[in-house]
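Every read-out reported here was derived from the displayed coordinates using simple, explicitly stated rules and does not represent laboratory data. A quick note: this is a predicted structure, and the numbers were derived from the prediction, not measured. Positions of Cβ are backbone-derived with ideal geometry, glycine not excepted, and every protein chain shown enters the neighbour counts.
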Amino acid sequence: MITYFFYVGGRAIQNECSDYVRRNGRLMEGQVFLSGAGNLKCKGVIHAVGPVWQNGTNQEEEYLREAVFKSLEMTSGRRFTSIAFPALCTGVFGYPTDEATRVIVVAVRDFFKENSGSSVEAVYLCDVKAENVHGFVNGMKRELKNCLLYTSDAADDMQCVDLGGRRIIKK
């Protein structure tokens, strides 16, 4: 997923990230950084650092939750109206898909419980791996009790609309 962003987004994103690391050092688990969008069709890219999976013994859930929460706070603080999350940490960081996607869904839910005035209107839970997308769907079904989950005619288009009008969308 990271390679895709740098490939499509262009060299500008990588250069900005490299400059940030030179000036400030590497991000630690749970930290986020907003870069420009390069060639991507969005307002910016939030780089969120989640944990490497260590069998759940090293506060992985707390760090992943913090990365998601801080990403949403940054999005709201910039008055952006949407954000997209891939299944953070499920690749080379080794976080089990079902667990990571559940933590992300719960963090999104809890953010809106605590920040009802947020500018964020839509959260896109998306990934290039079908397993991760299914993990998001299962997480939404388990964790979002006040959510209407429905699909369109397209098998890959499913939306979850909470009763407060915010959209959590899996694509």
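State all residues of the range 103-138 that are of a type in the set (D, E, K, R) and in contact with a strand residue (DSSP E or B) (Cβ under 7 Å, 6 or more places away or on another chain); if no residue qualifies, say none. Matches in the range 103-138: 121 only.
Can you list the helices (runs of 4 or more DSSP H) found entirely within the range 1-101 that contain at least 3 residues being polar (S, T, N, Q) and buried (at least 16 other Cβ atoms within 10 Å of the Cβ)? I'd like the intermediate steps shown before the answer.
Working: elements: 2-9, 11-24, 60-77.
Correct list: 60-77.
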